[in-house]
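The structure appears below as structure tokens.
The values are calculated or read from the model by the stated rules, or taken from the named source; none is laboratory data. Keep in mind that what you see is a predicted model, and the values were worked out from it rather than measured. So basically every Cβ, Gly included, is an ideal-geometry build from the backbone, and we count neighbours across all protein chains shown. To get the accessible areas, we keep the full protein, side chains included, count just its heavy atoms, and leave off ligands, DNA and RNA. Shrake-Rupley method; radii C 1.70, N 1.55, O 1.52, S 1.80 Å.
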Amino acid sequence: MTLEESLPSIAELEKYFDRLWPICRSLTGAGFRDSMRILKELMPLEESEIPSGTQVFDWTVPDEWNIEDAFVENEVGVKVIDFKNSNLHVLNYSEPIDQWMDLEVLDKYLHSLPDQPNAIPYLTTYYKRRWGFCLTHEQRQRLKPGKYRAVIRSTLAPGVLTYGHAVLPATVKTADEVLLSTYLCHPSMANNELSGPLVMSYVFKALQALPERRYNYRFVVVPETIGAIAYLAKHGEWLKEHCKAGLVVTCCGDANRITYKRSRQGNAGIDRCVIDTLAGYKKSYGKSYEVEDFFPTGSDERQYCSPGFNLPVGSLMRSRYGTYPEYHTSLDDKSFISFEALQESVLLYLRALRAFECNERLVTTVRCGEPMLGRRGLYPSLGSSKQTEEAVSRMMYLLNFCDGENDLCAVAEKAGCSILDLASHASILKKEGLLVRQPGSSS
């Protein structure tokens with residue numbers, strides 16, 4: 001089965017999207033757990049819980065938040081803001097309230113975007129007790145002076161923070177791992193919330209179907225920031241020893257240019273393999289991409305790359321978080337994403353991970369002079385086609401530059417092709433006994 005044949009159908013992606021979309025998620029609570037139950041249909045996530053009040057490095061796990069309903073109604077009982085119309089209408093993690101007040105007072109608890117008058121902003125108050133409502137600026141301007149009843153039926157009480165993970169074992173004996181991490185803590189947003197879990201789930205299914213895997217793959221689903229920090233508090237020492245590469249899966253659903261954010265290390269194996277994949281993809285399909293250096297804000301790559309861990313973890317995205325106007329608003333909805341783009345993102349992840357699997361340090365067994373390819377049937381004896389010439393050229397690059405100093409990624413860059421293209425020729429040369437893995441090298 002080719003990587004393309006392992007991709008999910010548009011209908012399947014949309015089916016799971018539609019089931020996850022209406023759930024009001026947050027750092028903790030029933031919304032997160034309900035969403036996890038749906039994802040567990042796609043990958044066997046093992047759930048763990050960390051009690052509220054638990055110290056995780058410099059952070060403390062907050063109380064659990066759950067919400068039943070919320071609205072603002074006027075004096076005649078008309079709901080002018082209704083949580084049931086959009087779960088972004090409530091300031092996420094709002095404490096409960098049921099109180100009448102004048103518009104002048106209510107307005108202090110309202111949040112809107114004057115520059116985006118048709119968008120409901122997504123705002124949170126995880127670590128400070130307060131309440132509030134979010135609405136479009138047009139809605140806000142239509143409110144008339146008078147009395148309003150603000151109701152938020154929520155609970156904030158000691159509970160648990162939930163996360164999930166699954167380890168897909170290698171088909172060879174190894175303790176080396178590749179980490180894939182995403183978050184599941186935002187309410188109804190498409191690109192910034194659901195694209196990551198959906199892409200990661202189908203990457204799991206495709207990798208699971210492969211007959212060979214050189215690495216163990218660790219799939220992690222956490223609430224963003226606090227969840228990754230809590231996960232590192234429990235599993236960080238293991239990851240420091242065994243994690244050889246990682247990617248944070250987020251913002252994979254829009255149809256815009258592909259973006260790769262490097263790990264803090266900057267030139268780790270996963271950085272080079274992802275960039276090799278994107279260069280090959282551009283060459284084959286004309287798709288543009290952008291590579292950004294690591295910066296210590298953003299998603300959970302900043303936790304995995306924090307100084308105490310400095311794991312080789314980057315992030316492969318479409319439009320990076322914070323760079324598109326729909327980000328953290330109600331405009332990041334189903335109409336903003338493309339299910340074809342989600343498919344393509346799954347393929348890009350699979351190609352990058354296969355490139356990382358293929359990338360190894362080989363050495364030629366013929367140390368002096370050029371090996372004779374003709375007597376091994378690898379060199380044309382009478383004329384040649386363009387395809388044959390290309391194959392011979394790539395084998396020559398391998399035999400010349402596989403000297404113990406270069407891995408396949410470096411040789412591919414010199415040969416002007418992708419790692420995956422080069423790997424098939426390396427496989428032929430290994431079968432002929434002309435290339436062997438460098439003794440003592442792990443990748």
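For the range 239-329: lysine pairs with Cα atoms under 21 Å, gap of 8 or more or different chains, count?
Values: 240/261; 244/261; 261/282; 261/283; 261/287.
The result is 5.
Keeping all protein chains in place, calculate the accessible area per residue for the range 87-214 (probe 1.4 angstrom), answer in Å². Could you put the intermediate results ahead of the total?
Details: 5210 Å² over 128 residues.
Per-residue accessible area for the range 87-214 comes out at 41 Å².
With the cut-off at 1.5 for a/c, could you classify the range 211-328 from its C-alpha gyration tensor as rounded, prolate or oblate?
Details: a/c = 1.87, a/b = 1.30, b/c = 1.43.
Taking the square roots of the gyration eigenvalues as a ≥ b ≥ c, the range 211-328 is oblate.
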Inter-label distance, nm, simple model (7 Å from Cα along the C-beta direction), residue 147/residue 78: 1.8
Backbone N within the range 317-336 under 17 Å of label point (7 Å from residue 115 Cα along the Cβ vector): 320-332
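What does the charge add up to near residue 224, with Lys and Arg as +1, Asp and Glu as -1, over the other residues with Cβ less than 14 Å from its Cβ?
Values: positive: 25, 302; negative: 193, 300, 301.
After counting each charged neighbour, the total is -1.
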Spatially proximal lysines relative to residue 147 (Cα-Cα < 30 Å; intrachain offsets below 8 disregarded): 79, 84, 108, 128
Label-point gap, in nm, between residue 69 and residue 233 - each point 7 angstrom along Cα→Cβ: 3.6
Accessible surface, per residue, of the range 293-371 when the full set of protein chains is kept, probe 1.4 Å, Å²: 36
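Over the chain, what relative contact order in percent results from Cα pairs under 8 Å that are six or more residues apart?
On the way: 901 pairs, mean separation 70.1, N = 443.
Relative contact order for the chain comes out at 16 percent.
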Where a label projected 7 Å from the Cα of residue 60 along Cα→Cβ would reach, residues of the range 113-151 with amide N under 15 Å: 126-129
Gain on full stretching of the segment that runs from residue 379 to residue 257 - 0.36 nm per residue minus C-alpha separation: 39.9 nm
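If I stretch the segment between residue 363 and residue 291 completely, what's the gain in nm (0.36 nm per residue apart, minus their alpha carbon distance), one decimal?
Numbers: separation 72, 0.36 × 72 = 25.92 nm, distance 3.05 nm.
Roughly 22.9 nm would be gained on extension.
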Rg/Rh ratio calculated on Cα atoms of the chain (Kirkwood radius): 1.07
Fraction of accessible area attributable to carbon and sulfur, the chain (%, probe 1.4 Å): 48
Candidates per trypsin sites (Lys or Arg not before Pro) in the range 105-146, loop by DSSP, up to 15 other Cβ within 10 Å: 128, 129, 130
Nitroxide proxy distance, nm - points 7 Å out along Cα→Cβ at residue 240 and residue 37: 3.8
Sites residue 388 and residue 175, calculated FRET efficiency, Cβ-Cβ separation with R0 45 Å, nearest 0.05: 0.60
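Report the local net charge at residue 248: Lys and Arg +1, Asp and Glu -1, summed over other residues whose C-beta lies under 11 Å from its C-beta.
Details: positive: 261, 302; negative: 224, 300, 301.
Net charge in that neighbourhood comes out at -1.
What ranking do 364-372, 267-275, 172-180, 24-32 get when scored by the average of other Cβ atoms within 10 Å per residue, highest first? Don't skip to the end; give the middle numbers.
On the way: 364-372: 11.6, 267-275: 22.1, 172-180: 17.6, 24-32: 24.8.
Packing order, densest peptide first, comes out as 24-32, 267-275, 172-180, 364-372.
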Extension gain from residue 99 to residue 85, taking 0.36 nm per residue of separation minus the Cα-Cα distance: 2.9 nm
Highest-MSF residue in the chain out of 196, 164, 322 [GNM, Cα springs under 10 Å]: 322
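Ratio of the range 268-397's C-alpha Rg to 2.2 N^0.38 Å, to two decimals?
Here the answer is 1.51, to two decimals.
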